[in-house]
Amino acid sequence: MNEFFTYTVLGIAVGCIYALTATGLVVTYITSGIFNFAHGAIGMIAAFAYWDLSVNHGWPAPVALIAVVFVLAPLFGALIDGVLMRRLHGTPVEVSLVITLGLLLLLLGVAFTVWDNSVVRILPEFFAGNQIELFNLQISYHQIIVILTAVAVAVGLRIFLYQTRPGIALRAVVDAPEVAALNGAAPARISMMGWAIGSMLAALAGILLAPLVTLDILGLTLLVINGYAAAMVGRLRSLPLTFGGGIALGLIETYATGYLPAGDILSQLHTTLPIVFLFAALLIFPERRLRVGRSVNRRPLRVPSLRQSLLGAGAFVAVAWFASGLLSDKNLYTFNTGLVVAVILLSLVLLTGYGGQISLCQLTFVGVGAFGMGKFADGKSILGLVAAVVVAGAVGAVMALPSLRLRGLYLALSTLAFAQFMTAAFFNNNSVFGQGGALKVGRVSLPGVSLGSPRAYFVFCAIAFAAAAVAVVAIRRASFGRRLAAMGDSPAACVTLGVNLTWTKLVVFTASAGLAGFAGALYGGLQGQVGTLDFQLLPSLVLLLLAVIWGVDSIVGALVAGTLSALFPTIADAVGVPNFQYLAVGLGVLGLSRNPEGVIRQIGDRVATLRASLAPGAPIDADEAVEPVRPRPRPRPRRDDAAEAAVPALELRDVHAGYGQIEVVHGVDLVVPMGSVFALLGPNGAGKSTLLKTVSCTKVPTEGCVHIMGVHVNGASPESVARLGVCTIPEGRGIFANLTVLENLKMMSYREGVNAHDIAERAFARFPPLAPKRTQLAGTLSGGEQQMLAMARAVSTEPSLLLLDEISMGLAPLIVVQLYDLVRHLAEEGLSILVVEQFANTALAVADHAAVMAQGRITHMGDAAAVTEIVSEAYFGAPV
């Protein structure tokens, strides 16, 4: 019993570490919508910084702890958000995934550059040597601190995120940042706060974990991956479930270590239990909705014909044969490595570039292929090459089978878990590669051809790459390739068209793994032997990110990326930077936050632009990137107070606005008198909503001036305009679907002098149906109830100007009548209101003044009664 109690306490301590790391991941995800793969690297950097201050420079431990956790970590988190993450809102999940993976590699590169990882560093525990005895069990102070800290963080964060206005705002901003700004919150500052908190938690976990393990750059970074399982138990949302998942994971790992029989294969694989736990959590708690829209925001490349592919392949082989006669044996080896890596990247072109499926375990299939080649016929038979393809393809299929329901982040995590499991269970298993950790692999034997010389094998690998490239492009041209492209573009649309996504994903994973296995046979033949360190997780990440940087759907990009990968060791020696590839790839990926399409496509766009500029009068390709129109500054208008004694609630002067080079609003002049209702009418596409966005400052006018209560607001932020007293009810209701009704109301309290309790009382008094649903998620309300919740802001915050955009859209007539009765009541109270509406009669019934807008211009304006007579003609486009 005492032994069980000992393992239980140890398991809880380990589980608290997992819970703490997972909590940081969940907080970042809740507040930004981004799964931060660099979370462990941030904790690693913090642990090394704490060691540097407390041990290397002799700072007192409390001072060093405060400096790292409460100063450096939040500043670093704010920097990450400001430089990288803020522009990723609304981008496909695959883009943010790649960016955080790039940040992971960049931080690893920085750590290897700053700290020599060959030096042994010991980070002492807090209150080292002090312990207490509980039921004959010695528990160190450090373990107690870990447990108490994890519990305090979990409880404190739960209270902060669900009971305080800043915490609710953090959850709201990831849901709808534009709506949060219209409520008066500052999305940029709130998002920065979320990343600062996430970085603080990563730093705290790293510092608490480091004394329990070796202070190693890679080891400390990858240990945090074990905490991913706890985060998935909480589905990246629930902090209590995340904490419980961490404790369960720690107990399972500790019990397995203590109770599995010695020598049993399970006891040897106890280190893989967190990864198995992660994989199980992914399968039990999968994503449920199919994604609509392209996985990577890029235009498809032109697919060459068979004739063009064969000519290109032949030319490449000819150039390779010629160059092989000029290169030294050392250079032949380097560039041959590049060709083999390029074949690996072709497997990613097929899987990720064409099919939109993320894989973080491609080197695992390469290792399986090398193993198949080495184990079959002494590693030299051409049948060994076939075995490499077949075995790797089979492993790919086995890996894909349980993951067929997964996509995006969940699929990436499942492939990561598979890579880590195979590393521990297969590549690090002595029965696989032998006691020496190496397996001999020969070069394939061809009848009458010797591949023993470096030049001969180089030409052979060039032919292999060319053949693989022709095959990959041929697949893209075929009907299966079109299904892959459709699946990568929109899985939901594929299902509606009857495409079998399960079969398509299984086939493409099998084919991609088989091609990677083929590359593994080539790699083994080049090296002569392969070892346990050749097929780890981080090199897989490097290859994936290199493919993305250069163009994950480009054959040329695969070749360039493979060559660059082979040159990294040479470059590292030249610049004297260890693990240079991490720094280079990390920095390269950060550039993708501006253009995720890859270098090859950017070069193609530049060439196309250059050609267009050299051909006067030639039309410019509609797909080419264009610079957005910049707002042209105009002198601020001066008001003649004597001539205009009454300041209008809203005044627009010669306002122009649009999207990019397309101008939608063309020189609008409009005045909303104080205390009046102004109806802006017009058909779809007239520019009404664009004009309203300009008034609320979610869009900056390219020309003209916007005055609210006599204040010039051009260029102001939406939140500052909201705090000025402007209340905007945007099209689509503008609520926070993942917040409760009461939390939505709390988000309305950012104006000075507005109390959240008063807002709730007024809202429930005006809309009684909302009162019993105060704890219900807003996204589960009916359409009418959601619009009531949105309108609650108008009746609860006492705004100076109310902007209503199509509040009747999608609602039953009875609900529309009730809402416009409310508008009439607000008007009687003297509120200034601008109503944008398609249903003219509904809006005109409550309006004092009205204007008709068509094709971006005001065609008629006047009293509501006068405008009523001409509205129907404007709607039908008849001359007036």
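The values are calculated or read from the model by the stated rules, or taken from the named source; none is laboratory data. Remember, predicted model here, so these are calculated numbers, not experimental data. No Cβ is skipped: glycine too gets one built from the backbone with ideal geometry, and neighbour counts run over all protein chains shown. These area figures cover heavy atoms from the full protein model, side chains too; ligands, DNA and RNA do not enter into them. Shrake-Rupley method; radii C 1.70, N 1.55, O 1.52, S 1.80 Å.
Sorted from greatest to least, the principal axis extents spanned by the alpha carbons of the stretch 767-831 come out as 33, 25, 19 Å. Placing +1 on the Cβ of every Lys and Arg and -1 on the Cβ of every Asp and Glu, with no other charges, gives the chain a dipole of roughly 1940 debye about its Cα centre. Stretched out straight at 0.36 nm per residue, the stretch from ARG302 to SER613 would grow longer than its current Cα-Cα span by 109.8 nm.
The residue among ILE30, TRP59, ILE45 whose Cα reaches farthest toward the positive pole of the charge dipole of the stretch 19-153, with charges on the beta-carbon of Lys, Arg, Asp and Glu, is ILE30. Applying the Karplus relation 6.51 cos²θ - 1.76 cosθ + 1.60 with θ = phi - 60° to the stretch 55-68 yields 3J(HN,Hα) values of 9, 6, 10, x, 5, x, 4, x, 5, 4, 5, 5, 4, 7 Hz, where x marks Gly and Pro.
Shown for the chain: lysine pairs separated by 8 or more places, or found on different chains, whose C-alpha atoms are under 15 Å apart, numbering 4.
The stretch 99-145 and the stretch 820-863 have Cα centres spaced 64 Å apart.
How fast does the stretch 688-742 diffuse by Stokes-Einstein, in µm²/s, taking the Kirkwood radius from C-alpha pairs at 37 °C and 0.692 mPa s?
266
DSSP finds beta bridges in the chain, and of those with both partners inside it, around 60 percent are antiparallel.
Under 5 Å between amide H atoms, partner at least 5 residues away or on a different chain: which partners does THR702 have, H built in plane at 1.01 Å? Residues meeting the criterion, in which the H sits 1.01 Å from N, are HIS656, ALA657, GLY658.
Excluding ligands, DNA and RNA, the accessible surface per residue across the chain is 41 Å² with a 1.4 Å probe. For the chain, the mean residue ellipticity at 222 nm estimated from helices alone is -18000 deg cm²/dmol, where every DSSP H run of n ≥ 4 contributes -39500 (n - 2.57) and the total is divided by all residues, rounded to the nearest 500. Counted over the stretch 175-262 with a bin width of 5 Å, the fraction of Cα pairs per bin, in whole percents, is 3, 11, 13, 18, 18, 14, 9, 6, 4, 2, 1, 1, 0. Dipole orientation for the chain: of the candidates ALA169, GLY219, GLY194, GLY219 has the Cα lying most toward the positive pole (charges on Cβ; Lys, Arg +1; Asp, Glu -1).
From largest to smallest, the equivalent ellipsoid semi-axes obtained for the stretch 352-403 from the alpha-carbon gyration tensor read 24, 10, 9 Å. Ranking ASP669, ASP216 from most to least accessible surface, computed with a 1.4 Å probe over the protein chains only, gives ASP669, ASP216. For the stretch 518-610, the Stokes-Einstein estimate of translational diffusion at 37 °C and a viscosity of 0.692 mPa s comes to 224 µm²/s, using the Kirkwood hydrodynamic radius over alpha-carbon pairs. Report the far tail of the P(r) of the chain, meaning the percent of Cα-Cα pairs longer than 40 Å. Considering the chain, 48 percent of its Cα-Cα pairs are separated by more than 40 Å. From most to least packed by mean Cβ count within 10 Å, the peptides 340-351, 41-52 give 340-351, 41-52. Along the axis of the charge dipole computed for the stretch 708-807 (Cβ charges of +1 for Lys and Arg, -1 for Asp and Glu, origin at the Cα centre), the listed residues PHE767, GLY732, VAL713 are led at the positive end by PHE767.
Looking at the square roots a ≥ b ≥ c of the eigenvalues of the Cα gyration tensor of the stretch 114-168, which shape do they give, rounded for a/c under 1.5, prolate if a/b is larger than b/c, or oblate? Judged from the Cα gyration tensor, the stretch 114-168 comes out oblate (a/c at least 1.5, b/c at or above a/b). Per the Debye calculation on the stretch 475-527 with a single equal scatterer at every Cα and no solvent contribution, log₁₀ I(q)/I(0) for q = 0.16, 0.19, 0.21, 0.26 Å⁻¹ amounts to -0.54, -0.67, -0.75, -0.96. Seen from a random direction on average, the alpha-carbon convex hull of the stretch 705-825 projects onto 7.7 square nanometres. Under 5 Å between amide hydrogens, built in the peptide plane, is the criterion, and for THR859 it picks out VAL852, MET853, ALA854 among residues at least 5 positions away or on other chains. With a ≥ b ≥ c the root eigenvalues of the C-alpha gyration tensor of the stretch 327-414, is it rounded (a/c under 1.5), prolate (a/b larger than b/c) or oblate? Cα axes put the stretch 327-414 in the oblate bin. The charge dipole of the stretch 123-256, taken about its Cα centre with unit charges on the Cβ of Lys, Arg, Asp and Glu (plus for the first two, minus for the last two), comes to roughly 500 debye. Take each peptide in 233-241, 777-785, count the other Cβ atoms within 10 Å of every residue, and average; sorted highest first, the result is 233-241, 777-785.
Only protein atoms count toward the accessible area here, which uses a 1.4 Å probe; on the chain, the carbon and sulfur part of that area reaches 63 percent.
Across the stretch 176-196, the residues whose backbone nitrogen lies under 17 Å from the label position 7 Å along the beta-carbon direction of ARG87 are 188, 192. Find the centroid of the Cα atoms in the stretch 709-769 and in the stretch 518-559, then give the distance between the two in whole Å. First find each Cα centre; the distance between them is then 52 Å.
Each 5 Å bin from 0 upward holds the following percent of the Cα-Cα pairs of the stretch 303-347: 5, 19, 19, 25, 18, 9, 4, 1.
I need the fraction of alpha carbon pairs in the stretch 370-444 separated by more than 14 Å, rounded to a whole percent. The partial results should precede the final answer.
Details: 1876 of 2775 pairs.
That fraction is 68 percent.
Evaluated with a Cβ-only charge set (Lys, Arg +1; Asp, Glu -1), the stretch 483-613 carries a dipole of roughly 280 debye about its Cα centre, given to the nearest 20. Peptide packing for 508-515, 324-331 was compared via the average number of neighbouring C-beta atoms within 10 Å per residue; ordered from the highest value, the list is 508-515, 324-331.
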